[in-house]
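Take a look at the structure below.
Just so you know, all these numbers are worked out from the coordinates, no wet-lab data involved. The model shown is predicted, which means the values in this text are computed figures rather than measured ones. Backbone-built Cβ (ideal geometry, glycine too); neighbour counts: all protein chains shown.
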Amino acid sequence: MLNRNFDVLIVGSGHGGAQTAIALRQSGFGGTIAIVSAEDDLPYERPPLSKDYLSGDRPFERILIRPATFWRDKDIAMLLGRRVVSVDPQAHVAALSDNSPLFYRTLVWAAGGVARRLACTGGDLAGVHSVRTRADVDRLMRELDRVTRVVVVGGGYIGLEAAAILTQLGKRVTLLEAAPRVLARVAGEPLSRFYEEEHRARGVDLRVGVEVACLEGRDGAVRRVRLADGQAIDCEMVIVGIGIAPAVAPLLAAGAAGSDGVDVDEYCRTSLPDILAVGDCAAHVNTFAGGKRIRLESVQNANDQAAVAARSIVGALRPYDAAPWFWSNQYDLRLQTVGLSAGHDATVIRGDMASRSFSVVYLKNRRVVALDCVNSTKDYAQGRALVAARAAVPPDQLADTSRPLKEFAAEAAI
Amino acid sequence: MSALTGTPKLVVTDRSGVERTIDGEDGLSVMEIIRNAGAEEPFALCGGSCSCATCHVHVDPAFAQAIPGIAGDENDVLDGSSHRGETSRLACQIVFRDELSGLRVRIAPAD
């Protein structure tokens, strides 16, 4: 019979949920722990879904965060294929979709988000896919043999990575971005233009500033994407990478503060008693965003907030103050990012973009706030200290590749 | 020595100093082998993309010559660690081979 009482109940089996459980056990926490997840799979790494899992280079066993034996050995119960639909914070009860209750002392909400779907006509046709879960990608991969033309809607990292893999698999790919440039939400214009050109050079029909009017199908399957200007693009598959909606409705319905996500303090505590939140859905005040309340959709944020949440649960409070980092693989380009570039007021290019190894340094009020490093791991590794110190370095010096970034980090520390 | 017979082994010392002998698997990275054996610590957070250095290990000097050399990116990431030593490597970048049986690594402290 299903045990229904847990000292710590974790909702969500992504990086944040899994790492919260791992960190609790590592700290010696001896109480009962369960992870409840709408997904059917044990915790797995999400980034490969748009990279080497999609390409077939890494099978599922190789993206598991831990093997099945680990969760058994650590006595972490896995309640998979179950969705929490409501929470009663006073009674300390989370209700599943069949109305059955789970009782907790502490609830950790790590439910992440749900891939946004196209709201237009045809958005629900067969052949229209998201890239958020293993099930999404398995469905997509099962159809690939019969597909020659793919339209990717959305020029964020997921869309661009999927476009790169599908192009390498021999598909004819069209990528549509509504904004005037790809990566508009997360990177500066030089990086956007660089990636647009790389994709076009590989044969992707990449279009920016275009709006999808509807999807047209035959026998229930997508056959065409119709643009607002009337143009049509024939295809057998559509991949929608237009972001996620944070999965926090049960918490907000229970009275938790929040709007885009659920608000947490620096210890990952929501406004509800004994309920914490971590990862993509946790709206937190981030010092690397200039003290703004943001959500960060990244492995770094999920893992580091999980560590903070675990400490909060065992009473060893430590505030969240980790420098954001991120990576993206497209073709033979490895992008590594440290810091947050949103809100920057100047950029400096280090190196020659044509050489396909360079960095974009982002400044705000003359201080380094982020770096996007393409095939430039040295700058990524050394630039971290500049971001952490919010170092003030003159732009002409930053552009001088004969000077390694660690020189500036040493100066900034003085 | 039984290094060339039976299941190849990897000897791992974790951050708290506990030593474990685990089964190796030819073709997997040392990071994957350690993770599959159930690492209790935050480990390999980036899944092997040479971005986080949480799989930083110190390789027993006796094996330092036996494993392929360090690549530029790996070297650059390790440069950012304050625990870098003579035989520091990223476990995600070392491909385990049967002939490496008996390889000993110690997981570096977290940065």
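Table for the structure above
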read-out	value
Of every Cα-Cα pair in chain A, the percent that sits beyond 28 Å	52 percent
Under-24-angstrom lysine pairs by C-alpha in the protein assembly as shown, whenever the two are 8 or more apart or on separate chains	7
Given charges at Cβ of Lys, Arg, Asp, Glu: region A:249-377 dipole, positive-most of A:Met353, A:Trp327, A:Ala306	A:Met353
Projected-area mean, region A:223-301, by convex hull of Cα positions, square nanometres	8.2 nm²
Per-residue mean of C-beta atoms belonging to partner chains within 10 Å, peptide A:60-69	3
Cα pair distances in region A:291-350, grouped into 5 Å bins until the bin that holds the longest one, percent each	4, 13, 20, 20, 17, 12, 7, 4, 2, 0
Residue among A:Ser100, A:Ser355, A:Ser55 with the largest mean-square fluctuation in a Gaussian network model of chain A, springs linking Cα atoms under 10 Å	A:Ser355
Student exercise, region A:235-326 dipole from Lys, Arg, Asp, Glu Cβ charges, in Debye to nearest 20	220 debye
Convex hull per residue volume in Å³, alpha carbons only, for region A:122-249	114 Å³
Rule-of-thumb Rg ratio for chain B [Cα; 2.2 N^0.38 Å; N residues]	0.97
Whole-percent pair-distance distribution, where bins are 5 Å wide, for the alpha carbons of region A:11-50	6, 23, 29, 22, 13, 6, 2, 0
Calculated P(r) tail over 22 Å for region A:303-385, as whole % of Cα pairs	37 percent
Overall form of region A:22-125 per C-alpha gyration tensor (a/c, 1.5; a/b vs b/c)	oblate
